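The values are calculated or read from the model by the stated rules, or taken from the named source; none is laboratory data. All of these numbers come straight from a predicted model, not from anything done at the bench. Cβ placement follows ideal geometry from the backbone for every residue including glycine, while neighbour counts extend to all protein chains displayed.
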Amino acid sequence: MQGKCIIVMGVSGCGKSTIAKAIEKKTGAIFLEGDDFHSPENIAKMHNGHPLTDQDRAGWLAAIHTKVGELTSEGKEVIVSCSALKENYRNTLRNHISKIQFIYLKGSFSLIHKWMAARKGHFMPAALLKSQFDTLQEPTTKEKDVITIYLQPNLKKEIYEVYERLRAKGFM
């Protein structure tokens, strides 16, 4: 039996890892930090203030998809933090994974920029946030496996909403 996969998506700095870790704690699923799958070249490029191209992201998405496929084929439940900014990126992640649910963390540029400016020790500079918003193709209603969560200052309420929405979809 194939395991389930939850992908927490959105632009850099929107709280993907925080939400994914909260789900991991609640469910006991395996958490995969999407940033860990970037090549050293991709990390250096972002660190130096250059946005990634589709070509840069292809290997990264393939590596995430391969690992998720391995784990879910063993019946394990997986949670991934991954920007998945474009529909074709999400389609790459969906390929051959039948039990998948995306959680799109949607917020304003100003709110997320403020959060990014406050975080320390991450390779992605706040200056690249605009390029993330420029690249973002927000999920449409035809993407039935996407839950949109509107970001709010109250993290506990946000996490509660994620749990409730996942529960309603049979993912918790």
Seminar exercise, completed: Here the residues within segment 132-160 that are surrounded by 15 or more Cβ atoms within 10 Å (Cβ to Cβ) and more than 21 Å from residue 87 (Cα to Cα) are 158, 159
For this session: Just give me the residues in segment 133-153 being at pLDDT below 90 and among the polar types (S, T, N, Q), in sequence order.
Result: 152
Exercise. Of all the strands (runs of 3 or more DSSP E) wholly in segment 10-120, which have at least 1 residues that are at pLDDT 95 or above, among the polar types (S, T, N, Q) and surrounded by 15 or more Cβ atoms within 10 Å (Cβ to Cβ)?
Worked result: 78-81, 100-106
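Just name the residue that is farthest from residue 100 (Cα to Cα) out of those in segment 126-146 that are β-branched (Val, Ile, Thr) and touching a Pro at 6+ places or on another chain (Cβ under 9 Å).
Step one: of segment 126-146, the residues β-branched (Val, Ile, Thr) are 135, 140-141, 146.
Still in the running and touching a Pro at 6+ places or on another chain (Cβ under 9 Å): 135, 146.
Details: 135: 23, 146: 9 Å.
Out of the qualifying residues, it is 135.
Whether any residue in segment 153-168 is among the small types (Gly, Ala, Ser) and in contact (Cβ under 8 Å) with a residue 24 or more places away in the chain is what I want to check.
At the first step, the residues of segment 153-168 found to be among the small types (Gly, Ala, Ser) are 168.
Filter once more, so that each one left must be in contact (Cβ under 8 Å) with a residue 24 or more places away in the chain: none.
No, because not a single residue in segment 153-168 is among the small types (Gly, Ala, Ser) and in contact (Cβ under 8 Å) with a residue 24 or more places away in the chain.
Conditions (1) of a type in the set (Val, Ile, Thr); (2) touching a Gly at 6+ places or on another chain (Cβ under 6 Å); (3) touching a residue at least 12 places away in the same chain (Cβ under 8 Å); (4) over 20 Å from residue 148 (Cβ atoms), marked per residue:
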site: 10; (1), (2), (3), (4): no, no, yes, no
site: 36; (1), (2), (3), (4): no, no, no, yes
site: 48; (1), (2), (3), (4): no, no, no, yes
site: 60; (1), (2), (3), (4): no, no, yes, yes
site: 66; (1), (2), (3), (4): yes, no, no, yes
site: 70; (1), (2), (3), (4): no, no, no, yes
site: 95; (1), (2), (3), (4): no, no, yes, yes
site: 102; (1), (2), (3), (4): no, no, yes, no
